[in-house]
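> Please find one structure pasted underneath; my questions will follow.
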Amino acid sequence: MTERVVLAYSGGLDTSVAIGWIADQTGAEVIAVAVDVGQGGEDLDTIRARALACGAVEAEVADARTEFAEGYCRPALAANALYMDRYPLVSALSRPVIVEHMVAAARRHGAGILAHGCTGKGNDQVRFEVGIGALAPDVRVIAPVRDSGMTRDKAIAFAEERGLPIDVSRRSPYSIDQNLWGRAVETGFLEDIWNAPTEDVYAYTADPSVPRPADEVVVGFEAGVPVSLDGVRLPFLDVVTQMNRRAGAQGVGRLDMVEDRLVGIKSREVYEAPGAIALITAHQELENVTVERDLARFKRTASQRWAELVYDGLWFSPLKRALDAFVEQANQAVNGEVRLVLHAGRAVVTGRRSEDSLYDYDLATYDTGDQFDQSLAKGFVELWGLPSRIAARRDQRRGTNA
Ligand code: ARG
């Protein structure tokens, strides 16, 4: 039987050329798998038809929007996952769901090889291959762009020679990856890290410097999951979609950063993640109100680790799975509502309320009705500072600062 290869297909130049390229190099039949993670753009039937026109023996398109939202973006929000304190892991979250679909297709079609179109310089090759290794350690992976000399120029020449239905002239000067959780843009003039991004870089967000009236939104949460906007109950996918639109219209969620890639290089990426940033802002604040102090402190550390694991391609790793359980447990009391004002590129919390609030007005107030017994504070402070006072006395005696 002819060997079969399942290729992660985007519909773009590289993966379109990869179909014929892989067939030539390996003699295998190529099955293209495209996964809809909310990237918008071309419809999936067009993409499917292109894969077949480029020589795929089969082309499958999967609508994974709900699966991506529920299974990937939702845990990221629960963790407030921000790599290097800023990047909400847009691309890093989508790779494991694509891997799931590739592996399932490989099983269905009896394919022993999986293929991706990543270069050898990025994080995504790691995410694909480590993910595949975790789900299907028996299959082999090939990467034509990285391993068999499929450069940009060769890809264009190949497409022209074979008359592949790809409009090379319409190609953007940028490398773009986008999905429900946000959008990442790199290359071109952005590689000079002193160059400011121009407006044409952005597609999910309007220019935040344009004057416009503010938008106010109330986000309702149950166990850390946003379940309503302005009191209207919505599936999580719709919450994110609507927040992308509303926060995006106010220019919320633009990021311009130099980041540490797993392969060791620093790279400049411009992101826009209006829904993700607005929702994380609201979620963090509701945690401030409902999560006990020590749990909250530890969760911040755990969340940072979670984000690094996911960024580093370890979605399917044991530590990530164990941290998921912790994050879910830590979200049990994160119920209530947060009011956000979306304006001029910022999502600002202006109110919070919760049946499970740990904020106690009677303890916090400086007005009459104060229930906090200040006489207890004197002894508490005395004992809290005792270790450092003892050490300071010792150091004074020795005339040193140990
Ligand atoms: N640097 C981001 C990450 O590693 C995005 C990668 C894809 N970016 C792109 N513009 N194609 O998660």
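The values are calculated or read from the model by the stated rules, or taken from the named source; none is laboratory data. All figures in this text were calculated on a predicted structure; none of them were measured in a lab. Don't worry about glycine lacking a Cβ; one is built from the backbone with ideal geometry, like all the others, and counts go over all protein chains shown. Side chains included, ligands, DNA and RNA excluded: accessible areas come from the protein's heavy atoms. Shrake-Rupley method; radii C 1.70, N 1.55, O 1.52, S 1.80 Å.
> The conditions are (1) within 19 Å of the chain's Cα centre (by Cα); (2) touching a residue at least 24 places away in the same chain (Cβ under 8 Å), and ALA333 fails exactly one of them. Which is it?
Going through the list (1) within 19 Å of the chain's Cα centre (by Cα); (2) touching a residue at least 24 places away in the same chain (Cβ under 8 Å), ALA333 breaks only (1).
> Does ALA81 meet the test of being touching a residue at least 12 places away in the same chain (Cβ under 8 Å), buried (at least 21 other Cβ atoms within 10 Å of the Cβ), in a loop (DSSP other than H, G, I, E, B) and not polar (S, T, N, Q)?
Judged against the criteria, ALA81 is a match.
> While we're on this one: Could you say whether any residue in segment 207-217 is more than 13 Å from the ligand (Cβ to nearest atom), touching an Asp or Glu at 6+ places or on another chain (Cβ under 9 Å), within 20 Å of LEU77 (Cα to Cα) and not in a loop (DSSP other than H, G, I, E, B)?
Yes, segment 207-217 contains a residue that is more than 13 Å from the ligand (Cβ to nearest atom), touching an Asp or Glu at 6+ places or on another chain (Cβ under 9 Å), within 20 Å of LEU77 (Cα to Cα) and not in a loop (DSSP other than H, G, I, E, B).
> For GLN332, all conditions in the list (1) polar (S, T, N, Q); (2) open to solvent by 90 Å² or more (accessible area, probe 1.4 Å); (3) more than 30 Å from GLY224 (Cβ to Cβ) hold save one; what is the number of the exception?
(3)
> If you don't mind, another one. Of all residues in segment 352-367, which are free of Cβ contacts under 8 Å to residues at least 24 places away in the same chain and not hydroxyl-bearing (Ser, Thr, Tyr)?
Correct list: ARG353, GLU355, ASP360, ASP362, LEU363, ALA364, ASP367.
> So, one more: Is it the case that some residue within segment 197-210 is surrounded by 15 or more Cβ atoms within 10 Å (Cβ to Cβ) and of a type in the set (S, T, N, Q)?
yes
> Right, something else. Mind checking which helices (runs of 4 or more DSSP H) fall wholly inside segment 110-191 and carry at least 2 residues that are open to solvent by 40 Å² or more (accessible area, probe 1.4 Å) and of a type outside the set (Lys, Arg)?
124-135, 152-162
> So which residues in segment 229-243 are touching a residue at least 60 places away in the same chain (Cβ under 8 Å) and either open to solvent by 40 Å² or more (accessible area, probe 1.4 Å) or part of a strand (DSSP E or B) (or both)?
Once the filter is applied, which keeps residues that are touching a residue at least 60 places away in the same chain (Cβ under 8 Å) and either open to solvent by 40 Å² or more (accessible area, probe 1.4 Å) or part of a strand (DSSP E or B) (or both), segment 229-243 yields PRO235, THR241.
> Of everything in segment 303-330, what is assigned to a helix (DSSP H, G or I), within 23 Å of GLY133 (Cα to Cα) and touching a residue at least 24 places away in the same chain (Cβ under 8 Å)? Give them in sequence order.
TRP306, ALA307, GLU308, VAL310, TYR311, LEU323, ASP324
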